[in-house]
Amino acid sequence: MKTIAGVAAVITITGVAQAQDLTIYTYDSFVSEWGPGPKVEAAFEAECGCDLALVGIEDGAALLARVRLEGSRSDADLVLGLDTNLIGAARETGLFAPHGIEPELDLPIAWADEIFVPYDWGFFAFVTETGQNRPTNFQSLADSDTSIIIQDPRSSTPGLGLLMWVKAAYGDEALGVWEGLADNIVTVTKGWSEAYGLFLEGEADMVLSYTTSPAYHLIAEEDGSKMAVAFDEGHYMQIEVAAKLASSDAPDLADSFLEFMLSEAFQEIIPTTNWMYPAKIPEAGLPDGFDTLITPQNPLLFSAEEADALRDEALSEWLTALSR
Amino acid sequence: MADRAQPLSARAGIWAAAGVAALIFGAFAAVIWRAEAGRGLGPSDWAALRFTVVQAALSALLSVGFAIPVARALARRRFPGRRALIAVMGAPFILPVIVAVLGLIEVFGRSGWVSQALGFLGVPPLQIYGFHGVILAHVFFNLPLATRLILQGWQEVPAERFRLAAQLGVDRWAMTRLIEIPMLRKVVPGALAVIFAICLTSFAVALILGGGPRATTIELAIYQAFRFDFDLGRAALLAGIQIVLTTGAAVVALRLGQGDSFGGGLDRAVRRWDATSRLARQIDTLWILLGTVFLLLPLLAITLSGLPGLADLPSSVWQAAATSLLVATLSTVLVLLLTLPMAVAIAFGRDRLVEVSGFLGLAASPLVIGTGLFVLIRPVADPMALVIPVTAGVNALTVLPFALRILVPRVKDIVEGQSRLALTLGITGQNFVRLVLLPRMRAQLGFTAGLATALSIGDLGVITLFADPDIATLPLQIYRLMGAYRMEAAAGASLLLLILSFGTFWLLDRGGRGHAET
């Protein structure tokens, strides 16, 4: 009997997470040691005198599924890492609560949402080795034998973003574009980290990432060997957002995090750790090196409602084209 | 036999079997109850169904196809290390899938050894992700199993028959036609069916090497419905399809596959009077070499790449290793508690139990059971708080049929040999278990415990559905490290996992045997 009690005790200990003052679910690359996570955690803990736990859960879309799965039992107080394409689905769950703050933003679009607060943004782009002559639109990419790695739109926000990108550029012809692209795709990964890792290992010619990704190599590694390819169709935008969970047992602390998220301390961490444009430009401006990045002439973006309405159709086109 | 007086009651075993059946059928029922036609089966679901069947069929054909020449070569050659080689062929059975897949990536991946060698010849690198990667991994796991199954067929041909054929001066082709082909005709369909059934429920391989819409198994689609959309109705619908598929395959496999896969007497080389020509000998040597290299290279690769990372593994890896050991211990205790009474009941004439449990073991896929349990638990408790007992339980279920195959023959022997004496002496019930049964079963219990522990430590299946972010078993932690692209840590953790699963198997198996010898 003693041993059974012992085993039960161990199960309880390992099964129950340590209680933190504030728990945030986010995507893997945010919490990695080179990501914004460690700095954000230190800065916020210094400010609030509390204990913050950042928990990495794969990529944005899988993150939403996890929150849905846990429902009102979730340990999380906040979710950080959804984007405009997921806002509709996230709102539908009824699990998120309105934020109590008045955000001041430097986004390229107007923002008024009472639940979701943006913290950074960027443009999706294919990243490749500098100096390579790569296709500059989806049609010529489909006709070429250039190999690409993309992310699964069901689990990853870049993957879903690419779906919307093709949809925004080609509308009803999207299915045909995907059928053309099918043989260029080396593999479809679950999240951004895997895809980018595989690309760096040399598993493909191009990877779906952001126009800002080359800045990482340039600034963090002093390596100018990566570039984003400018596409003729324009580039789809991503606006990354965070939101408070209605089931949070620390709603006030969650609000102060959202406020902190738009403060100088958080926003100046973003460009050189998350490699995205900050939602509010820090006083010192953007870091050197960001001026070398391509700026898309024709930004594309569906509203949250449009993206939500298009998602199922675009997803089934993608699945159909790629499972043939 | 069941009506005669016995030193032990079959009741406990019948209860255990009923419990197992209730759990599995309960999960099935929950799945069917919860399944929503919803959007119905889209093109991608049909593609998953097609992929599942096609890859399983192709994996079975290739594994058996390559196994025939390897088994033939092993059957007719004697060389030092032959016995060890055949023993090593049992290793993939307990080799954690994620370790093997990492090893295969390092050998056959785009920047792997083979691609580098090809690079020197100016040949473009290999591509391991997708359909062929999944097939490659399945052949890696099942070629040794097929070889052992077919080798057994060869061993069962009476040596006299080869001798007689030689005396009659039968030529080589006639020998093949008269002896080998009829034997293969008996053995091959069973081997094909078993491997086909195993590959139908492939999850971890498809999770890592497949995953895109073109290389998704039903098992993986269940996981995706769960983790990507959290659509329980859809997961259940897919699980229902999987039940139909695996039950069908299990019926066929059990009907065709006789004989056990643990191969008694595989160490005996049949003396052959044919195939003495130099060419035949060279061909046999080549097949044995190819088989060995294919089997050992990925293991070597993971050992080499894991060593540098082993020294400073992140603490999360050690934590995950502790969780894995806990899960494995629970699972092993459960396996022994369930199978020993079941084996006793079977030995007392309840043979149906073997059929039923063997059948359920093949037909029940871990993700289907996992989905069913999730559906059952969610209304009453937080499924994620039960991750450890659920994982241990599902792991135990998957080991059950193998454990019974090991235990039943021995229990039968003991019961036949000792019952009468024990009854005369009045040794019954608990005393019979303690004084007669257990001491004579140490070797089998050790082997079973070793198998159950190793399989559970290496399992990457149902844990992916139930784990919350701050708990992981070692295989899941490796998968997460790979996802975060920390390949050195992933390789180090894989080596640790390899050591743990083989180490615990060796310890438990040896522990049982060491006692039996004294």
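The table for this structure:
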{"read-out": "Antiparallel bridges, percent of DSSP beta bridges restricted to the stretch A:115-227 (to nearest 5)", "value": "50 percent"}
{"read-out": "Part-to-part distance (alpha-carbon centres) for the stretch B:310-326 and the stretch A:156-235, which is given in Å", "value": "34 Å"}
{"read-out": "At 1.567 mPa s and 4 °C, Stokes D of the stretch B:336-396 from Kirkwood alpha-carbon radius, µm² per second", "value": "98 µm²/s"}
{"read-out": "With at most 15 neighbouring Cβ atoms within 10 Å, loop GluC sites (Glu not before Pro) (DSSP) excluded, longest segment of chain A", "value": "A:115-200"}
{"read-out": "Coarse-grained scattering of chain B at q = 0.06, 0.09, 0.11 Å⁻¹, given as base-10 log I(q)/I(0) from a Debye sum over alpha-carbon atoms", "value": "-0.30, -0.68, -1.02"}
{"read-out": "Volume in Å³ per residue [convex hull over Cα atoms, computed for the stretch A:143-191]", "value": "69 Å³"}
{"read-out": "Value of Rg/Rh across the stretch B:341-463 [Cα atoms, Kirkwood radius]", "value": "1.08"}
{"read-out": "Under Karplus coefficients 6.51, -1.76 and 1.60, residue-wise ³J(HN,Hα) of the stretch A:138-148 in Hz, glycine/proline x", "value": "5, 4, 6, 5, 5, 6, 7, 10, 5, 8, 10"}
{"read-out": "Fraction of beta bridges assigned by DSSP in chain A that are antiparallel (%, nearest 5)", "value": "60 percent"}
{"read-out": "Cα-based radius of gyration of the stretch B:180-250 once divided by 2.2 N^0.38 Å, which approximates compact folds", "value": "1.39"}
{"read-out": "Proximal charge balance of A:Leu69 [Cβ under 12 Å; K/R count +1, D/E count -1]", "value": "0"}
{"read-out": "Heavy-atom accessible area order for B:Trp33, B:Trp173, A:Trp34, largest first, 1.4 Å probe", "value": "B:Trp33, B:Trp173, A:Trp34"}
{"read-out": "Debye equation applied to the C-alpha atoms of the stretch B:445-513, log10 I(q)/I(0) at 0.14, 0.15, 0.24 Å⁻¹", "value": "-0.48, -0.53, -0.97"}
{"read-out": "Within chain B, longest stretch clear of exposed trypsin sites (Lys or Arg not before Pro) (DSSP loop, no more than 16 other Cβ within 10 Å)", "value": "B:272-518"}
{"read-out": "Chain B - percent of accessible surface contributed by carbon and sulfur, probe 1.4 Å", "value": "65 percent"}
{"read-out": "Geometric extent, Cα atoms of the protein assembly as shown - Rg, Dmax (angstrom)", "value": "29.1, 98"}
{"read-out": "MRE, 222 nm, helices only [DSSP H, n ≥ 4, -39500 (n - 2.57), over chain B, to nearest 500]", "value": "-24500 deg cm²/dmol"}
{"read-out": "Solvent-accessible surface (1.4 angstrom probe) belonging to A:Ser147, in square angstrom, nearest 10", "value": "20 Å²"}
{"read-out": "At R0 = 35 Å, FRET efficiency that the Cβ-Cβ distance of B:Leu300 and B:Thr176 yields, to 0.05", "value": "0.50"}
{"read-out": "Relative contact order (%) - the stretch A:188-324, alpha-carbon pairs under 8 angstrom, separation at least six", "value": "26 percent"}
{"read-out": "R0 of 51 Å, Cβ-Cβ distance A:Glu114-B:Trp506: FRET efficiency to nearest 0.05", "value": "0.25"}
{"read-out": "Amide H within-cut-off set for A:Val188, under 5 Å, with H built and near neighbours excluded", "value": "B:Gly212"}
{"read-out": "Gained length - A:Ser72 relative to A:Ala220, 0.36 nm times residue gap less alpha-carbon distance", "value": "49.3 nm"}
{"read-out": "Approximate spin-label separation B:Thr424-A:Gln132, in nm, with each point projected 7 Å along Cα-to-Cβ", "value": "8.3 nm"}
{"read-out": "Hull-based mean projected area of the stretch A:103-195, where the convex hull spans the alpha carbons, in square nanometres", "value": "7.9 nm²"}
{"read-out": "Area of A:Leu52 that stays accessible when all protein chains are in place (1.4 Å probe, Å², to 10)", "value": "0 Å²"}
{"read-out": "Taking chain B and dividing mean pair separation by its residue count, relative contact order in percent (alpha carbons under 8 Å, at least six apart)", "value": "26 percent"}
{"read-out": "Solvent exposure, largest accessible area first (probe 1.4 Å, DNA, RNA and ligands not counted), of A:Asp83, B:Asp382, A:Asp75, A:Asp183", "value": "A:Asp183, A:Asp75, B:Asp382, A:Asp83"}
{"read-out": "Average Cα contact separation per residue, the stretch B:69-224, under 8 Å, 6 or more apart, as relative contact order %", "value": "28 percent"}
{"read-out": "Rounded, prolate or oblate (a/c below 1.5 giving rounded, otherwise prolate when a/b exceeds b/c) for the stretch B:1-150 by Cα gyration tensor", "value": "oblate"}
{"read-out": "Karplus 3J(HN,Hα) series, Hz, for the stretch B:412-421 with 6.51 cos²θ - 1.76 cosθ + 1.60 (x for Gly, Pro)", "value": "4, 4, 5, 4, 5, x, 10, 3, 4, 4"}
{"read-out": "Considering only the protein assembly as shown, percent of DSSP beta bridges that pair antiparallel, nearest 5", "value": "60 percent"}
{"read-out": "Within-15-Å neighbourhood charge of B:Asp312 [Cβ basis; K, R +1; D, E -1]", "value": "-1"}
{"read-out": "Stokes-Einstein D (µm²/s) once Rh is taken as the Kirkwood radius of the stretch B:28-78 over alpha-carbon pairs, at 25 °C in 0.890 mPa s", "value": "170 µm²/s"}
{"read-out": "Among A:Thr292, B:Leu286, B:Thr424 the positive-end extreme of the charge dipole of the protein assembly as shown (Cβ point charges)", "value": "B:Thr424"}
{"read-out": "Using θ = phi - 60° and Karplus 6.51 cos²θ - 1.76 cosθ + 1.60, couplings along the stretch A:185-199 (whole Hz; Gly, Pro as x)", "value": "7, 6, 7, 10, 9, 6, x, 5, 4, 4, 4, 5, x, 5, 5"}
{"read-out": "FRET efficiency, B:Ser277 to B:Arg255 (Cβ-Cβ, R0 41 Å, nearest 0.05)", "value": "0.55"}
{"read-out": "Solvent exposure ordering (accessible area, 1.4 Å, most first) of B:Val433, B:Val157", "value": "B:Val433, B:Val157"}
{"read-out": "Cα shape, the stretch B:295-405, gyration tensor, a/c 1.5 rule", "value": "oblate"}
{"read-out": "A:Met276 accessible area, assembled protein chains, probe 1.4 Å, Å²", "value": "0 Å²"}
{"read-out": "Inter-label distance for A:Glu306 and B:Glu416, nm, one decimal - labels placed 7 Å from Cα along Cα-to-Cβ", "value": "7.8 nm"}
{"read-out": "Rounded if a/c under 1.5, otherwise prolate or oblate - chain A, Cα gyration tensor axes", "value": "prolate"}
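The values are calculated or read from the model by the stated rules, or taken from the named source; none is laboratory data. Remember, predicted model here, so these are calculated numbers, not experimental data. As a convention, Cβ positions derive from the backbone with ideal geometry for all residues, glycine included, and neighbour counts pool all protein chains shown. We work out accessible area using only protein heavy atoms, side chains counted, and drop any ligands, DNA or RNA first. Shrake-Rupley method; radii C 1.70, N 1.55, O 1.52, S 1.80 Å.
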